[in-house]
C-alpha cells in the first residue's frame, strides 16, 4: 500500500508541475518504504532522501517559473518562494538529524511528508490553479 496516494484533488492545472508532483509522491513513497525497513538498509533510505532533495529543489524552481508564467501575483510568488526555502531547510534538517544518528524515525518521516506534500500542495500550490487559463491582462 502506498503511503501517499495521488488524486485529482492535488492537480493545479499545469501539466509539467502536476507530473512533477506525481514524481515527488512516488519518490516519497519509496522513501517511506526504505525507512519502514522494507529495504535492506539505511543506505537505500539515504539515497532516496538525497533523490527527494534534489528533485524537490529542481521542482521548486520550475513551479515558481510556472506560477510566474500564469500571472501569479508577485506578493504570492514571494510567499511561495519563501515556503519552498523553508521546505528545503526542513529537508536539510531531517538529513542532518538522521546523519547524526544513522537512524530514521518513521513517524517523523511520515509527518514531514504529509505536511510537505499533502498540505503544501493542497494549500499553497493549488493557489496557482485559479490563475491557470486566464488571459494576461497586460496583453490586451
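The values are calculated or read from the model by the stated rules, or taken from the named source; none is laboratory data. Just so you know, these numbers come straight off a predicted model, no measurement behind them. All Cβ positions, even for glycine, are placed from backbone atoms using ideal geometry, and neighbour counts span all protein chains on display.
The single condition among (1) more than 18 Å from residue 134 (Cβ to Cβ); (2) touching a residue at least 40 places away in the same chain (Cβ under 8 Å); (3) surrounded by 13 or more Cβ atoms within 10 Å (Cβ to Cβ) that residue 17 does not satisfy is (1). Tell me, yes or no, whether the stretch 124-138 has at least one residue that is closer than 26 Å to residue 8 by Cα, over 19 Å from the mean Cα position of the chain (by Cα) and assigned to a helix (DSSP H, G or I). Yes - at least one qualifying residue is present in the stretch 124-138.
When restricted to residues that are out of contact with any helix residue (DSSP H, G or I) (no Cβ under 9 Å at 6 or more places or on another chain) and modelled with pLDDT under 85, the stretch 93-113 contains 2.
Among the residues making up the stretch 1-24, those that are assigned to a loop (DSSP other than H, G, I, E, B) and under 18 Å from residue 113 (Cα atoms) are 1, 2, 3, 4, 5, 6, 7, 11.
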